[in-house]
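First comes the structure, then the notes that go with it.
The values are calculated or read from the model by the stated rules, or taken from the named source; none is laboratory data. For clarity, every value in this text was computed on a predicted model and none was experimentally measured. Here the Cβ is made from the backbone with ideal geometry for all residues, glycine too, and neighbour counts use every protein chain on show.
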Number of protein chains: 2
Amino acid sequence: MNDKRERILKAGVNVFARRGFYSAKVSEIARAAGVADGTIYLYFRNKDEILLSIFEQEMSRFITVVENETGGEESGLDKIRKLVRVHLGFVKKNPDLAQVFQLELRQSNKFIKEYDGSKLKEYLDLIGKFIKQGQREGSLRTDLPPGLVKRSLFGALDEIATHWVLSGGRKYDIEQSADQIADIFISGVAVQPK
Amino acid sequence: MNDKRERILKAGVNVFARRGFYSAKVSEIARAAGVADGTIYLYFRNKDEILLSIFEQEMSRFITVVENETGGEESGLDKIRKLVRVHLGFVKKNPDLAQVFQLELRQSNKFIKEYDGSKLKEYLDLIGKFIKQGQREGSLRTDLPPGLVKRSLFGALDEIATHWVLSGGRKYDIEQSADQIADIFISGVAVQPK
């Protein structure tokens, strides 16, 4: 069964968040997972591979959550608003994972240089799908390239999430910012003509 | 004089961009700078400190460019539009530095954990100043917190810059995206009521 693999990944999130990816030792992850050091190497070649597997698995879980939650919304515009809420809600509900995603992940040379980015692309494509839907429905501007639009929204969410983690996380309610960010993105920051 | 220090930093940008921060050796930087290995240690304690000094110096230069270029604009709104253009124009004009800023920097454990972020804060505060000016002038919405607004814009620009670097840099004209990004941010992506 994959029970041990699961336990190792879960322990990895905890140890990476607490100790940092760089300082964390595979033996600490083994201890936290309640397995022998050698057992880890039955599943993962090294620390980078544990990190990569955490990313892949948790991104899959995250994307499923976003798909399910936005599934109840009809329009592209509503789906985008919902996605922003679910994205920041996920960060808030998973502070250890948020630390790993927003900070630790970017310190793995292997991850940045060698990961093909498929899971991240999958998420960006989901945002892009909602944007295209909104464009088809006539609620979103068609003069803006969806690729640029999806990256702008993702970048804004990512920066807000990183700031939340860096500022000690639990200090302010990141979920409350969701509607404001959706608003900046959808309606812009300019005063609208009355 | 600081001529050698300058040469080391310039060589550092080049070597980090070409070889990656992780793989780069101090001796390679010394060779590229035309100084003896030992000379580097008169100025910097280690590779991380070279990277940090590159960041500090180049961020200062960048902020000065942004301040000068936006100085000719009157309104907060025009200053923001200009800032977006200057930001992406700077990325385009300095592809090696862009690679170091967008990718290599984030792999230094020391940088992420120990850098106090003062130069980045300075830039974010400059964006914030323009936003507050726009709010005072009545052109920008006052119901949105300037902190969230500045981070959303910075996040969007940062993500676009990273994507440009990761997609092989020079492939498309990032500067041409500037007005569209400013537009997404200022007017939003929704179709405006006629």
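Brief remarks follow.
- Criterion (of a type outside the set (F, W, Y), touching a Phe, Trp or Tyr at 6+ places or on another chain (Cβ under 6 Å) and in contact (Cβ under 8 Å) with a residue 40 or more places away in the chain) met by exactly one of A:Q107, A:Q102: A:Q107
- Here B:K121 clears all of (1) under 24 Å from B:E56 (Cβ atoms); (2) out of contact with any Leu (no Cβ under 6 Å at 6 or more places or on another chain); (3) within 12 Å of chain A (Cβ to nearest Cβ); (4) in contact (Cβ under 8 Å) with a residue 12 or more places away in the chain except the condition numbered (4).
- Subset of region A:160-180 that is more than 21 Å from A:G20 (Cβ to Cβ) and either at pLDDT 95 or above or within 15 Å of the chain's Cα centre (by Cα) (or both) - its residue that is nearest to the other protein chains (Cβ to nearest Cβ): A:I160
- One residue alone among A:I50, A:I54, A:I131 is buried (at least 19 other Cβ atoms within 10 Å of the Cβ) and either under 30 Å from B:D179 (Cα atoms) or among the basic types (K, R) (or both), and that residue is A:I131.
- Boolean, A:L140 is more than 21 Å from B:A156 (Cα to Cα) and either charged (D, E, K, R) or touching a residue at least 40 places away in the same chain (Cβ under 8 Å) (or both): no
- Condition check for A:T70: assigned to a helix (DSSP H, G or I), away from chain B (no Cβ under 14 Å) and buried (at least 19 other Cβ atoms within 10 Å of the Cβ): yes
- Here A:P95 passes the criteria (1) more than 17 Å from A:I184 (Cα to Cα); (2) at pLDDT 95 or above except the one numbered (2).
- Selected residue (criterion: surrounded by the fewest Cβ atoms within 10 Å (Cβ to Cβ)) from residues of region B:145-186 that are out of contact with any helix residue (DSSP H, G or I) (no Cβ under 8 Å at 6 or more places or on another chain) and of a type outside the set (D, E, K, R): B:G168
- Of all residues making up region A:134-144, the number that are buried (at least 17 other Cβ atoms within 10 Å of the Cβ) and more than 7 Å from every other protein chain (Cβ to nearest Cβ): 2
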